[in-house]
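Everything below concerns the one structure shown next.
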Amino acid sequence: MSEKLRIAVFASHGGSNLQSLIDAAEAGSMSAEVVLVVSNNRKAFALERAKNHGIETLVISEKQFPDENSYATELLTRLQQRSVNLICLAGYMKKIPKKLLQAYPRRILNIHPALLPKFGGKGMYGKHVHEAVLEAGETETGVTIHLIDEVYDQGRILAQERVAVNPDDDPDSLQKRVLKLEHKLYPQVIARIASGEISLE
Ligand code: GRF
């Protein structure tokens with residue numbers, strides 16, 4: 001992309017992926033800046049992480065509005081005020097309103113802790129993903145970074161990386177190994193988008 005990337009990260013909980021993006025931006029290893037952190041959950045630790053780095057935060061949830069349209073309008077206004085040109089979902093548990101999908105076509109990324117299209121879709125979040133991978137007897141799993149369109153977990157895949165499932169893994173150990181890979185891959189993919197190596201067109 002020719003313009004400098006101005007990223008909004010959407011996160012509902014801990015925000016360790018958010019942290020990896022902030023760190024990479026500060027270190028200059030990706031030509032992008034995290035300019036806004038959005039959460040539906042005012043207790044999300046992701047908000048603390050943002051504040052620690054002087055990044056603006058927005059707590060917003062559809063419940064605060066009479067309907068989806070007024071919620072989406074407010075969210076969009078806030079993104080536009082910060083000139084956001086890329087949205088990175090990182091453990092964001094809410095649906096992205098249609099209006100936002102239309103305003104940011106091919107500009108919303110998500111990270112998923114498995115090799116999509118396997119282990120994606122409804123109910124496949126957090127530890128459930130790793131439990132399902134173990135139950136299926138998989139010998140490898142990984143990380144997927146993909147675009148978001150109107151069907152969750154089904155947009156174009158931008159990058160995938162694999163990691164072994166060990167015979168003695170439990171969901172915790174697997175989650176830890178996958179998360180480590182997530183922290184490496186997300187900033188890498190954004191750096192490649194910023195340099196034009198990955199095209200979003
Ligand atoms: C990650 O595993 C991510 O792939 C998934 O949600 C988790 C978020 O973790 N979408 P964190 O909040 O970034 O630590």
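All of the numbers you see were taken from the coordinates with simple rules; none came from a lab. Computed from a predicted model, the values in this text were never measured in an experiment. Cβ sites come from the backbone with ideal geometry, for glycine too, and all protein chains shown count toward neighbours.
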(request) Please identify, among Asn17, Asn52, Asn110, the residue showing maximal mean-square fluctuation in a Gaussian network model of the chain using a 10 angstrom Cα cutoff. (result) Asn52
(message) Whole-Hz ³J(HN,Hα) for each residue in segment 89-98, computed from phi via Karplus 6.51 cos²θ - 1.76 cosθ + 1.60 with θ = phi - 60°, x for glycine and proline: what do you get?
(response) 7, 9, x, 9, 9, 10, 5, 8, x, 3
(request) Rounded to whole Hz and in sequence order, give me ³J(HN,Hα) for segment 121-133 from the Karplus expression 6.51 cos²θ - 1.76 cosθ + 1.60, θ = phi - 60°, writing x for Gly and Pro. (result) x, 4, x, 8, 9, x, 5, 4, 5, 6, 4, 5, 4
(message) Net charge around Leu86, counting only other residues with Cβ within less than 9 Å of its Cβ (Lys, Arg = +1; Asp, Glu = -1)?
(response) +2
(request) Show that you can apply the helix-only estimate: for the chain, add -39,500 (n - 2.57) for every DSSP H stretch of four or more residues, divide by all residues, and state [θ] at 222 nm to the nearest 500. (result) -11500 deg cm²/dmol
(message) Out of the chymotrypsin sites (Phe, Trp or Tyr not before Pro) in segment 86-131, which ones are loop residues according to DSSP with at most 16 other C-beta atoms within 10 Å?
(response) Tyr125
(message) What does the net charge come to around Ser16 if you take all other residues with beta carbon closer than 9 Å to its beta carbon, with K and R at +1 and D and E at -1?
(response) 0
(request) In whole Hz, with x marking every Gly and Pro, tabulate ³J(HN,Hα) for segment 173-183 from phi via Karplus 6.51 cos²θ - 1.76 cosθ + 1.60, θ = phi - 60°. (result) 5, 5, 4, 4, 5, 5, 4, 4, 5, 4, 5
(request) Divide, for the chain, the radius of gyration over alpha carbons by 2.2 N^0.38 Å, where N is the residue count. (result) 0.99
(message) Sequence gap at least 6, Cα distance under 8 Å: using those rules, report the relative contact order of segment 49-201 to the nearest whole percent.
(response) 18 percent
(message) Under 20 Å between alpha carbons, and skipping anything fewer than 8 positions from Lys176 in its own chain: which aspartates and glutamates qualify?
(response) Asp23, Glu131, Glu135, Glu138, Glu140, Glu161, Asp168
